[in-house]
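Note sheet for the following structure.
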Amino acid sequence: GRPRKLNSIDKQYISSLIDHRPTIYLDEIQDALLSARWIHVSIPTLFQALQRLGLTRKVVDAWAFERDEAMRHHYLLEIARIAPRPDMLVFIDETARNRRTSQRKYGHA
């Protein structure tokens, strides 16, 4: 068959990009390959390369930096003291969309 467009050094470069930025998009990898390695590959070729490297698309799990397990435990104990039965609680949700956030939902691992 035809020789592959990406050699082992190119694949190492891609792997390094993803290690440093797990939420990088395929078109961003494509641009990085072009500017750093002078190689233009299609998005489907990049997708196949990621599959061959054993990298799959995953949902990014974001945790708040401010999260404190001791404070969380104290809060749960306080709620249990105030409302010993779960049916005594009412939850109100204020759903909103924040267009200013740049956090990405998916990454590669």
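The values are calculated or read from the model by the stated rules, or taken from the named source; none is laboratory data. Everything numeric in this text was worked out from a predicted model, so none of it was measured. Glycine gets a Cβ as well: all are built from the backbone with ideal geometry, and neighbour counts include every protein chain shown.
Observations on the structure shown:
- Odd one out for His40, checked against (1) out of contact with any helix residue (DSSP H, G or I) (no Cβ under 6 Å at 6 or more places or on another chain); (2) more than 21 Å from Tyr106 (Cβ to Cβ): (1)
- Subset of region 37-50 [assigned to a helix (DSSP H, G or I) and surrounded by 11 or more Cβ atoms within 10 Å (Cβ to Cβ)]: Arg37, Ile43, Thr45, Leu46, Phe47, Gln48, Ala49, Leu50
- In the set Leu55, Leu34, only one residue is of a type in the set (A, V, I, L, M), surrounded by 10 or more Cβ atoms within 10 Å (Cβ to Cβ) and outside any helix (DSSP H, G or I); that residue is Leu55.
- Pairing each residue of region 40-53 that is farther than 18 Å from Ser16 by Cβ with any residue that is modelled with pLDDT under 95 and exposed (fewer than 11 other Cβ atoms within 10 Å of the Cβ), provided the two are 6+ apart or on different chains, yields C-beta distances under 9 Å for Ile43/Asp27.
- The listed residue being surrounded by fewer than 13 Cβ atoms within 10 Å (Cβ to Cβ), modelled with pLDDT of 90 or more, within 17 Å of the chain's Cα centre (by Cα) and more than 12 Å from Tyr106 (Cβ to Cβ), out of Ser16, Ser8: Ser16
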